[in-house]
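Please treat every number below as a calculation from the coordinates, not as lab data. Just so you know, these numbers come straight off a predicted model, no measurement behind them. Please note: Cβ atoms are built from the backbone with ideal geometry, for glycine as well, and neighbour counts cover all protein chains shown.
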Amino acid sequence: GAVVSQHPSWVICKSGTSVKIECRSLDFQATTMFWYRQFPKQSLMLMATSNEGSKATYEQGVEKDKFLINHASLTLSTLTVTSAHPEDSSFYICSARGALGTDTQYFGPGTRLTVL
Amino acid sequence: GESVGLHLPTLSVQEGDNSIINCAYSNSASDYFIWYKQESGKGPQFIIDIRSNMDKRQGQRVTVLLNKTVKHLSLQIAATQPGDSAVYFCAENTRQAGTALIFGKGTTLSVSS
């Protein structure tokens with residue numbers, strides 16, 4: 001089946017630093033990747049949609065200059081949280097949709113970010 | 001905006017019982033629905049999906065029912081096991097290219113032995 005990986009699985013950083021999270025589709029080409037954020041005991045909230053080779057589309061209320069998304073290849077998307085603050089601490093999950101037109105999104109295992 | 005929601009935040013069942021988790025959606029344009037299972041600290045795991053041209057689909061121990069008239073989706077788990085304990089989310093999508101899944105609020109299923 002389709003496998004999506006994320007790296008790192010968890011990260012702790014100091015306030016004001018930047019953190020990069022990678023999302024990779026391991027056995028398929030992902031024309032579209034999505035980034036979600038999940039706070040404890042809450043649902044997944046879509047942050048942005050990323051298409052390979054083009055700029056990401058951000059959801060309302062998500063700062064594009066703070067959450068930088070790069071989808072440089074059909075198997076890799078990165079999310080960089082710039083100048084992180086404690087309120088950015090969350091579980092970040094990516095998902096990928098294949099190039100075959102299927103609707104199914106395959107999710108990564110998530111990255112736990114803790115900003116001190 | 002449009003949203004997908006669940007009726008109950010928690011559901012507790014005994015091992016061996018059948019579980020029914022419900023979901024109401026509001027976007028009449030949605031034509032694809034998925035149920036995901038999420039265990040603590042992990043990403044969502046695909047369980048089963050259904051398209052709007054169907055009203056029932058069965059998998060291994062799971063059945064999804066879709067009632068488009070009342071915009072209602074349900075997940076039935078037969079012979080629930082302790083390993084089924086998790087948070088279950090329904091998600092919806094439309095055929096519009098590039099659109100993301102929108103998730104409901106989640107139901108926590110607790111299975112006791």
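General observations
- A cysteine counts as unpartnered when no other cysteine's C-beta lies under 4.7 Å of its own; in the protein assembly as shown this applies to A:13.
- For peptide B:43-52, the mean count of partner chain Cβ atoms within 10 Å of a residue's Cβ comes to 4.
- Projected label distance in nm at residue A:68 and residue B:81, using a 7 Å step from Cα toward the beta-carbon: 4.6 nm
- Pairs from the list A:14/A:41; A:14/B:42; A:64/B:56 with a Cα-Cα gap above 29 Å: A:64/B:56.
- All aspartates and glutamates inside 15 Å of residue B:37 as judged from Cα atoms, apart from same-chain residues fewer than 8 positions distant: B:49, B:84, B:92
- Region A:53-75 residues near the modelled residue A:29 label - backbone nitrogen below 11 Å, point 7 Å along Cα→Cβ: A:74-75
- Taking Lys and Arg as +1 and Asp and Glu as -1, the other residues whose beta-carbon sits under 13 Å from that of residue A:111 total +3.
- Label-zone membership for region B:53-74, site residue B:27, 7 angstrom Cα→C-beta point, backbone N under 19 Å: B:53-54, B:66-74
- Short-range pairs are left out: with C-alpha atoms under 8 Å and at least six residues apart, the relative contact order of chain A is 37 percent.
- Kirkwood-Stokes translational diffusion coefficient of chain A, alpha-carbon pairs, 4 °C, 1.567 mPa s, µm²/s: 92 µm²/s
- Once C-alpha pairs closer than 8 Å and six or more residues apart are averaged by separation and normalised to the residue number of chain B, the relative contact order reads 38 percent.
- Put simply, the Cα atoms of region A:22-82 extend 31, 25, 18 Å along their principal axes, the longest span coming first.
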